[in-house]
Amino acid sequence: MKNSKKILFITIFVMLGLCLSAATVSAAPTVDSVATIPANPEPTATIKVIAELSGDIESVNVRISGCDSEGCYDFYPEGGGAFELTLNVETGKYETEEFTLKNSKPSIDHLQYAFTVNDGVEDHTILVDADGNDLKTYLDLSGDNGGSNGGGGDNDSPGFELALFLTAIIIGVIILRKKR
């Protein structure tokens with residue numbers, strides 16, 4: 001009888017230990033939001049990506065693509081691999097280092113993100129936020145005219161230098177006429 005009580009006690013103790021260890025299942029990581037500094041950057045801007053994540057997180061990496069409606073063309077970081085995001089202790093958000101967009105195709109209108117989050121057990125690839133929306137940032141195409149300030153945009157308006165140049169010529173002509 002004494003041995004059966006010991007066996008029962010040991011069995012209950014082992015079962016209780018198994019139940020408690022099964023209850024400590026970790027939460028799968030999710031990407032709650034993604035933003036860039038500056039928000040809605042121009043196609044050749046220097047940016048930093050900031051992500052808000054939840055769940056158990058050991059490390060975070062992101063691969064970023066410059067895309068349009070037909071596909072993705074520019075990949076960051078250049079040369080392959082992925083950016084490692086570091087935790088900003090003040091904000092509680094994860095950040096990349098700054099990098100410059102190369103805009104190899106004028107139709108590129110957004111950045112798309114593929115996160116790899118390690119929770120200490122396995123890697124999770126995350127392409128959508130907690131609501132199921134694609135993780136992307138749209139680029140500001142309104143002010144892009146190829147980096148020039150004259151005639152290269154859609155409205156063919158010259159830069160302010162032309163107005164200054166014409167004013168200087170007119171003043172020069174007036175001065176020359178007065179001297180004669």
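Applying the set (1) modelled with pLDDT of 75 or more; (2) in a helix (DSSP H, G or I) to residue 165 leaves exactly one unmet item: (1). Against the list (1) modelled with pLDDT of 80 or more; (2) on the phi < 0 side of the Ramachandran plot, the condition residue 5 fails is (1).
Tallying residues that are over 24 Å from residue 122 (Cβ atoms), in a strand (DSSP E or B) and at pLDDT below 90 within segment 42-65 yields 0. Remark: pairs (first residue in segment 95-118, among the aromatic types (Phe, Trp, Tyr); second residue part of a loop (DSSP other than H, G, I, E, B) and modelled with pLDDT of 90 or more; Cβ separation under 6 Å; 6+ apart in sequence or on different chains) are absent.
Report yes if residue 91 is at pLDDT below 90, within 23 Å of residue 29 (Cβ to Cβ), among the β-branched types (Val, Ile, Thr) and not in a strand (DSSP E or B), otherwise no. Criteria met by residue 91. Against the list (1) surrounded by fewer than 17 Cβ atoms within 10 Å (Cβ to Cβ); (2) part of a strand (DSSP E or B), the condition residue 105 fails is (2). Residue count for segment 16-38, restricted to those that are at pLDDT 90 or above and not in a strand (DSSP E or B): 1.
Considering segment 108-132, the residues that are surrounded by 11 or more Cβ atoms within 10 Å (Cβ to Cβ) and among the polar types (S, T, N, Q) include one that is farthest from residue 27 (Cα to Cα), namely 112. For segment 92-128, residues that are within 14 Å of the chain's Cα centre (by Cα), farther than 11 Å from residue 64 by Cβ and of a type in the set (Ser, Thr, Tyr) total 3.
The values are calculated or read from the model by the stated rules, or taken from the named source; none is laboratory data. Since we're looking at a predicted model, the values are computed, not measured. Positions of Cβ are backbone-derived with ideal geometry, glycine not excepted, and every protein chain shown enters the neighbour counts.
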